[in-house]
Amino acid sequence: MATTAELFEEPFVADEYIERLAWRTPGGGSRGGEAFDPKRLLEEFVNHIQELQVMDERIQRKVEKLEQQCQKEAKEFAKKVQELQKSNQVAFQHFQELDEHISYVATKVCHLGDQLEGVNTPRQRAVEAQKLMKYFNEFLDGELKSDVFTNSEKIKEAADIIQKLHLIAQELPFDRFSEVKSKIASKYHDLECQLIQEFTSAQRRGEISRMREVAAVLLHFKGYSHCVDVYIKQCQESYVKDQLEEHRKSDAEQYLKNLYDLYTRTTNLSSKLMEFNLGTDKQTFLSKLIKSIFISYLENYIEVEIGYLKSRSAMILQRYYDSKNHQKRSIGTGGIQIHKRTEAKLSIQDLKERIRQRTNLPLGPSIDTHGETFLSQEVVVNLLQETKQAFERCHRLSDPSDLPKNAFRIFSMLVEFLCTEHIDYALETGLAGIPSSDSKNANLYFLDVVHQANTIFHLFDKQFNDHLMPLISSSPKLSECLQKKKDIIEQMEVKLDMGIDRTLNCMIGQMKHILAAEQKKTDFKPEDENNVLIQYTNACVKVCGYVRKHVEKIRNSMDGKNVDTVLMELGVRFHRLIYEHLQQYSYSCMGGMLAICDVAEYRKCAKDFKIALVLQLFDTLHALCNLLVVAPDNLKQVCSGEQLANLDKNILHSFVQLRVDYRSARLARHFS
């Protein structure tokens, strides 16, 4: 049986069970082999079945025994539960009886208490009246001997007594009891003042429970409202003063933040209090209350604001220039002065610099800025953020009558440090850094200045509209601010135009250097007319590459109509340069073909400008170059074509003269 039990494994599978039994039987594991003994295997199966039957009978007897035991225990448990239920019912009945008895006793006690109270209350009143008469006699005699009046620790009891005596004195006739009424009133006033002083001291010590206790006593006095006033005054001294006075002279930034925060929270609280019944003129009452708290801080608010804004803005700029290891130069031109000079005379160097900035004359080397624009978007964002916060504080803390004037002063600070000290200085430095038109390999970074200045202008204009306009829209300061903004932008645009014009001159100068260095006379008059292998000259390739790069840079540096305006000016100058450049050479037939190829390439480059006038100019130039190769018999026909018919005859003649065969009698006769 033990062997049979070993064959049962979890999970039980009949097929596997038979396989394990056959494998364990001698002669039953090799199917079809020499050692396979089917009789032995059958005998083993029969014996095993008998064992399983015996095992089944044993297990069945065990199961029946367990079932009988379970039924017996279930009957015993049910009997025990019934006994517990009966015991619970008996206990519940006892509890009900006890509850009824307690209720009966409580009723008797309450009735007895009512009877005792009915007897004790008149007695207490009589005792209290006797005490009051005793205290009244002390006032009548003019000498207060009771400990309750002489002991300062019993001020609460004294206050209760004097308050009751004061009410009694109001009912007495004045002619007979005027003196005692006066003494009681005087003591009433003294105790009231002592209680208010005690409330003040407790508030300073932060003893909330003592404040509550004293306030409860003062509640029955006429001067209870003074307790409220003292509380508000103490709150002002203990909170507002602590928050502001600490930073008033040492940290203007934190002082302004705290003042703005406290004032905002106070006005918000006032708005919530407006919902309650505080009298007919509650708005005026609350406004006066707020003013009394903050009046000493609001009177000179704008001076603190301007002083902080000035020092903070100067620090932001100086920190930026220090990070660049740059010492600001005194560069001043045009309408916005970077630094006001105290001397009337200018040095020779200053005079040279100003003349150089307004002309293209080489009066000495330009300022080398190493490609630095000296414009920082981070600086601009910081300045605008500081000004935005100043506008918000100004709106909240300024008197309505002073709001436009104060907002204008903040705007003036923004103009001074953002527009003058930063943008205009960068423009002046950028102008001084533009090389002369005859410089070689010049770094034309002024377009980067234009790009950044354009971005900054948008941010400046957005803050003007979003934060300044709402503060001045209905005041005379509106026109003043608009005019100031207009003047600033116009003055800067003049410098931008000047810088762009000189930058375009430098571009043309660079192209001249490329053409002078790369273009050879033999390009258009080759020695071997039959062995020209190039499609266009090397000078043309380099010039076109240079132009395409700077056209893209111009598009990235500007926006709107400014792009077309600048590209049209560059395109016209580019055309004039190529036109004059072609006039310097003589052209053979093959050289003329190469010139046409060059101009065709220049024309492709001109398409990148996307300016109709520029493309038209190069179309005309391409047509003029056809005069360099056309057969003499066809010259008049070509000149009368659509593109050349409206040109001056001298221009046509100038191109024909560039042909190497111009002096031949046949050509001169056909063109005359």
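Some notes on this structure:
- Estimated FRET transfer efficiency (LYS549, ASN634; beta-carbon r; R0 35 Å; 0.05): 0.35
- All lysines inside 28 Å of LYS72 as judged from Cα atoms, apart from same-chain residues fewer than 8 positions distant: LYS62, LYS80, LYS86
- On full extension, the segment bounded by ASN538 and SER238 gains 99.6 nm, given 0.36 nm per residue less the C-alpha separation.
- Of the solvent-accessible surface of the stretch 371-508, computed with a 1.4 Å probe and all protein chains present, 49% belongs to carbon and sulfur.
- When GLU43, GLU421 are compared by accessible area at a 1.4 angstrom probe, the order from most to least is GLU43, GLU421.
- Within straight-line cross-link reach of LYS324, aspartates and glutamates at Cα separation under 18 Å, skipping those fewer than 8 residues along the same chain: ASP368, GLU372, GLU378, GLU421, ASP424, GLU428, ASP448
- Annotation: lysines with alpha-carbon distance below 22 angstrom to LYS183 (same-chain offsets under eight excluded): LYS131, LYS134, LYS145, LYS154, LYS156, LYS164, LYS222.
- Summary of packing: across the peptides 546-559, 378-391, the per-residue average of other C-beta atoms within 10 Å ranks them, highest first, as 378-391, 546-559.
- Pairwise FRET efficiency - SER475 versus ILE508, Cβ, R0 = 56 Å, nearest 0.05: 0.65
- Cα→Cβ-extended label distance, 7 Å offset, between ALA645 and SER311, nm: 7.9
- Sorted largest first by accessible area at a 1.4 angstrom probe radius, with every protein chain in place, the residues MET511, MET593, MET55, MET133 fall in the order MET133, MET593, MET55, MET511.
- In order along the stretch 249-255, the phi-based Karplus estimate (6.51 cos²θ - 1.76 cosθ + 1.60, θ = phi - 60°) of 3J(HN,Hα) comes to 10, 9, 9, 5, 4, 5, 4 Hz; Gly and Pro are listed as x.
- At full extension, ASP322 and GLU128 could sit 61.4 nm farther apart than now, given 0.36 nm per residue minus the alpha carbon distance.
- Cα→Cβ-extended label distance, 7 Å offset, between ASP438 and GLN115, nm: 13.3
- Split the accessible area of the stretch 544-672 by element, probe 1.4 Å, and carbon with sulfur accounts for 51%.
- For the residue pairs LYS440/LYS607; LYS272/LYS484; LYS440/LYS604; LYS512/LYS553, alpha carbon separations beyond 29 Å are given by LYS272/LYS484.
- Between ARG248 and ASN47, the modelled labels are 11.4 nm apart [label points 7 Å from Cα along Cα→Cβ].
- Computed FRET value (nearest 0.05) for LYS484 with LYS156, which takes r as the C-beta separation and R₀ as 60 Å: 0.35
- Members of LYS310/LYS561; LYS288/LYS405; LYS310/LYS388; LYS525/LYS549; LYS521/LYS636; LYS610/LYS636 lying beyond 25 Å, as alpha-carbon distances in this model show: LYS310/LYS561; LYS525/LYS549; LYS521/LYS636; LYS610/LYS636
The values are calculated or read from the model by the stated rules, or taken from the named source; none is laboratory data. Since the structure is predicted, the reported quantities are computational estimates derived from the model, not experimental observations. Cβ sites come from the backbone with ideal geometry, for glycine too, and all protein chains shown count toward neighbours. Heads up: the accessible areas ignore ligands, DNA and RNA and are worked out on the full protein's heavy atoms, side chains in. Shrake-Rupley method; radii C 1.70, N 1.55, O 1.52, S 1.80 Å.
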